[in-house]
Amino acid sequence: MEACHSQEQFNITSYDATAVAIVTLEAFAGMWINAFIVSVICMAWVKKKTLNSNEKILLLLGCSRFWYLCISWVYFFLSIIYPHFLYVQPTLQLVASIQSFLSYSSLWFSACLCVFYCIKIANFRNSFFIYLKVKIDRMVPWLLLGSVLFSLVIGIIVYDIANKPHCNNRNSTGRGNFWKASIKMDKHFFPSFFIAGFGYAVSFMAVTFSALLLLFSLWKHKHNMQTNSVKDLSMDAHIKAMKSILSFFVMYSINFASLILTLVYATRKGSPVTFLILVFQYAFPGAHSLILIFGNPKLEKTLLRILLSVTFKACMR
């Protein structure tokens, strides 16, 4: 019996150590990548005294992802080292609301970026689409403000919902009332799961429609070029943007599936599926931002210059 108990404890410790090591590596890599985006755009802001719409979205996206990874990693690390940290009510409420706010901000900023690329690059003769193409630069600040306000509302709702299970279950800490307390918590958490799923679905649909519209525009543009036998210099830019949007779409598809699985496996701690979801969720902000860097000539050139400089200094040693 003691041997089995010690073996179980060893397995749990090994699982926690592996999770902390992988999550720490992914979180710090993601924080470095997003900090790089923010620093490059801020330096350009200081030089030019202004930012275009694309840079505004990237700046807010990088900031939200950096702080999301930072806060999530600190909370995850403390929950492993000091498990009772999870049950401190004010801390649980505050961290849950901040994580929800930053997570939604990141998702909606990314969706705004995909919609912006689609409207700017796609070519349609529809009068409404032409109107959007002309007005999109003026609409971007309002889209970003709406994303922040919506994310803030979600954070407040999550804060309120996270408080209800604790308030209603203060007298349910006994061993015999544990099952009833769990049922009450599930009932209170269901609205937050529904709201989270709705927000994820809307952002995912925005990215999906943007990818489909840009793909159709590319096909139509290529067909007109073949028919008229005319070379178009914007074709390369169109294809490059299409590759970026499709990369977004693939990443969002995987991320959306993992977020849905998170809602399903929220109460199943320690399962392999939960571990894979955790690994991908911490890898997504960094991997997606890395795609954004290589899709932006200025960011890509700066990153390659830094990497070459670091490599040269390392070789000189």
task = Might you let me know whether the range 172-184 holds any residue that is open to solvent by 60 Å² or more (accessible area, probe 1.4 Å), closer than 28 Å to Tyr75 by Cβ and modelled with pLDDT of 85 or more?
result = no
inquiry  = Checking the structure you have, find out if any residue of the range 5-20 is farther than 30 Å from Leu218 by Cα, of a type in the set (D, E, K, R), modelled with pLDDT of 90 or more and open to solvent by less than 40 Å² (accessible area, probe 1.4 Å).
reply    = no
remark   = Residue hits (the range 125-139; in contact (Cβ under 8 Å) with a residue 24 or more places away in the chain and open to solvent by 40 Å² or more (accessible area, probe 1.4 Å)) are Asp137
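The values are calculated or read from the model by the stated rules, or taken from the named source; none is laboratory data. These numbers were taken from a predicted model, which means no experiment stands behind them. Every residue, glycine among them, receives a Cβ derived from its backbone with ideal geometry; neighbour counts consider all protein chains shown. Only protein heavy atoms, including side chains, enter the accessible area calculation; ligands, DNA and RNA are left aside. Shrake-Rupley method; radii C 1.70, N 1.55, O 1.52, S 1.80 Å.
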